[in-house]
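Below is one structure; the comments refer to it alone.
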Amino acid sequence: MTGHPTSRRSLVQPRWTLITTGLLGLLSLLLVNGLAHGTFSADARVAPPASVSHVPDVVHNGGPIVDTTGGEVRTHHIPRKTMILTFDDGPDPEWTPRILEVLHDHHVPGTFFVVGSLASRYPGVLADIRESGSELGVHTFSHPDLAYAARWRIQLELAETQLAIAGGAGVTTSLMRPPYSSEANAIDNRGWPSIREIGRQGYTTVLSTLDTQDWRRPGVREIVRSGTPRNGNGESILLHDGGGNRAQTVAALEILIPRLLRQGYRFTTLGELMHDQTANPAAGALERLRGEALLTVVQVAKVMTKALAGFLLVAGVLVVARLLAMLVLARRHAASARRRALRPPTEAPRRTVSVVVPAYNERECIAATVRSIVASEHPVEVIVVDDGSTDGTAEVAERLGLGNVRVIRRANGGKPSALNAGIAAASSDLIVMVDGDTTFAPQTVSNLVRPFADPRIGAVAGNVKVGDRRNMVGLWQHIEYVIGFNIDRRVYDVLHACPPSPARWVPSGGRPCCRSVVSATTPSPRTPTSPWRSAGPAGGSRTSPVLWPAPRRRAPWASCGGSATDGATAPCSRCGSTGVLCWSAALRDGSDGSVCSTSRCSRSCCPRSHRWWTSSCCTASSSSTRHAPWPRGWPCCSCRRSAGCTPSISTTNGCATCWCCRCSRWCTDS
């Protein structure tokens, strides 16, 4: 695949800076959203039981509250007839409010150990928990088993959840429950280091004494039975307000709380139990600001991700609809082609065809390309434009010694400018443009020329095939070519249109056509990275065998019949022109000739709304004023009419203007 590097620039163009910044911002939002939804960090591994030799006896024989702050190990028991309701894995926008409603109806508090990723998504539920008189605790940000977590991971999990609580509820917490924990006598050598680290971060570990296993949804009666204390003991009951449907938990609380109140049990909070007023102190101004910033980023990421998902859904539907429409139209075109094949073939015009071959570092392929073109059944002249190659491409072409082959050497300026140089040097009014690594069949040029026997035809596109499809890369490129050069162009032929691109031109009153009998082959890449290496810095699109008639300038109204004689354009033409204007405005850098690239010239090629309508109107080497005939069929920049209009081009200091005899004005006067 031929590529041409662009001219060097000393400064990075602002649009690439904006694009890069936008992509990095979008990637950051996607990462934040993935973290908030547990997409990247969720870890469902649970450590198997291990030895308890390193766990102090005071922990195994103590209560469910383990305090390792300050380097000392202290445990606290729950007094008799005292109940602590604890809820894990929330907040949940549906079930947490329903549980709070039950607690409020019976005037009992609870302690909610929240997952930071959920807290950042539902900060309003955190505020409701605090307003109800219940407590908040940390249950990590992404719910991993801390036995597998490194020290820095534990610190990050605690800090992120703390920020989410500060931003949502305006408080901090010193309470923490490790995920997948149970009773104090279940702590082993795997889990003990994480509990020590929790204490070093200033948190008190809160475990449970009664596990209702409501997360299994065993039934309301079983949850009530598992949560009922024995012999008046004080208990820490483990329940869940998140992680799934918690209807059974809500129903069990409606039964369990009144029953225990009738038995004389008292419901309290951990802060009250430990006479600790710092379980949920107010967050400082800076910490609250940081927490609100975290919540804002998460909410923005959530909205952006939903918008992107909606956009991709719409795009996917449109792609499928387009594919189906293309297949239908392609079958229609194939049927039409079969009918044409039954007709007597028309005689191809015997005029010589100019074949322009832009080449950049095509030493390995240029000889085969040129020989295949010269061997055509139709008379041709070959113009090889060496666009500043560094591998001796021009020397290889010259050593062929073929009389109808010309080699033009020029400084590197990109593929569009190389094509323009070749077109300007062509002597024929029929021009074929093809890449330097593509070979022609002997009948290719004849088949390209034959449709011009019909005066309605304005341009002809052929069918490029991948030469070697034995490797995976070549096979994928073959699929790309089948879609891009076969199905697509069949559809364009049925619609009498061509893609709205500044690189395609159809003269006024003409229409493009596609002929599958026109074929050329291009070598497949040997490796997945070889297309990028061959493309060069500027890339460059694949130039399939496309034949353009004179005039040789390119215009954006190349569809649906082109320009009418009264200056009006067909509906598809107007749409195509709009697309080209937007495309040129977004990507204009002077390399495609759509805007004057001459440093001496500060004017646009055409005024205001017409500034991108002309192509290659500026030449850096021009320093004098000259007048040349305006090509037939090229509409005036001012009145946009072509019939009966014979304006001239005035090129001064590399900038072109035009004089129209019909509207009697210069293009730049409008």
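The values are calculated or read from the model by the stated rules, or taken from the named source; none is laboratory data. It should be emphasised that the depicted structure is a prediction, and the values quoted were computed from it without experimental measurement. Cβ: placed from backbone, ideal geometry, glycine included. Neighbour counts: every protein chain shown.
Only one entry of Val464, Val491, Val405, Val460 meets the criterion of being at pLDDT below 75, surrounded by 15 or more Cβ atoms within 10 Å (Cβ to Cβ), in contact with a helix residue (DSSP H, G or I) (Cβ under 9 Å, 6 or more places away or on another chain) and among the β-branched types (Val, Ile, Thr), and that entry is Val464. Quick check: is even one residue across the range 73-81 on the phi < 0 side of the Ramachandran plot and within 47 Å of the chain's Cα centre (by Cα)? For the range 73-81, residues on the phi < 0 side of the Ramachandran plot and within 47 Å of the chain's Cα centre (by Cα): absent. Against the criterion of being touching a Ser or Thr at 6+ places or on another chain (Cβ under 6 Å) and in contact (Cβ under 8 Å) with a residue 60 or more places away in the chain, Ile84 qualifies.
Table: residues versus (1) in the same structural domain as Leu495 (by TED's automatic domain parsing); (2) on the phi > 0 side of the Ramachandran plot; (3) free of Cβ contacts under 8 Å to residues at least 24 places away in the same chain.
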| residue | (1), (2), (3) |
| --- | --- |
| Leu327 | no, no, no |
| Tyr360 | yes, no, no |
| Arg399 | yes, no, yes |
| Gly414 | yes, yes, no |
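Pairing residues of the range 365-382 that are in the same structural domain as Thr444 (by TED's automatic domain parsing) with residues that are of a type in the set (Asp, Glu), at Cβ distances under 6 Å and at least 6 apart in sequence or on separate chains, gives Cys365/Asp437. Within the range 343-355, the presence of a residue that is in a helix (DSSP H, G or I), within 24 Å of Asn486 (Cα to Cα) and out of contact with any helix residue (DSSP H, G or I) (no Cβ under 6 Å at 6 or more places or on another chain) is excluded. Checking each residue in the range 382-410 for being in a strand (DSSP E or B) and of a type in the set (Gly, Ala, Ser) picks out no residue at all.
A residue that is assigned to a loop (DSSP other than H, G, I, E, B), in contact (Cβ under 8 Å) with a residue 60 or more places away in the chain and under 26 Å from Pro109 (Cα atoms) cannot be found anywhere in the range 290-305.
Residues are listed down the side, and each one gets a yes or a no for (1) in contact with a Gly (Cβ under 8 Å, 6 or more places away or on another chain); (2) on the phi < 0 side of the Ramachandran plot; (3) buried (at least 17 other Cβ atoms within 10 Å of the Cβ); (4) in contact (Cβ under 8 Å) with a residue 40 or more places away in the chain:
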{"residue": "Leu239", "(1), (2), (3), (4)": "yes, yes, yes, yes"}
{"residue": "Ile257", "(1), (2), (3), (4)": "no, yes, yes, yes"}
{"residue": "Leu261", "(1), (2), (3), (4)": "no, yes, no, yes"}
{"residue": "Asn280", "(1), (2), (3), (4)": "yes, yes, yes, yes"}
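Checking the structure you have, find out if any residue of the range 210-226 is crowded, with 21+ Cβ neighbours inside 10 Å and in contact (Cβ under 8 Å) with a residue 40 or more places away in the chain. Yes - at least one qualifying residue is present in the range 210-226.
Yes or no: Leu163 more than 15 Å from Thr205 (Cα to Cα), under 37 Å from the mean Cα position of the chain (by Cα) and either modelled with pLDDT of 95 or more or surrounded by 22 or more Cβ atoms within 10 Å (Cβ to Cβ) (or both)?
Details: more than 15 Å from Thr205 (Cα to Cα): yes; under 37 Å from the mean Cα position of the chain (by Cα): yes; either modelled with pLDDT of 95 or more or surrounded by 22 or more Cβ atoms within 10 Å (Cβ to Cβ) (or both): yes.
It is true that Leu163 is more than 15 Å from Thr205 (Cα to Cα), under 37 Å from the mean Cα position of the chain (by Cα) and either modelled with pLDDT of 95 or more or surrounded by 22 or more Cβ atoms within 10 Å (Cβ to Cβ) (or both).
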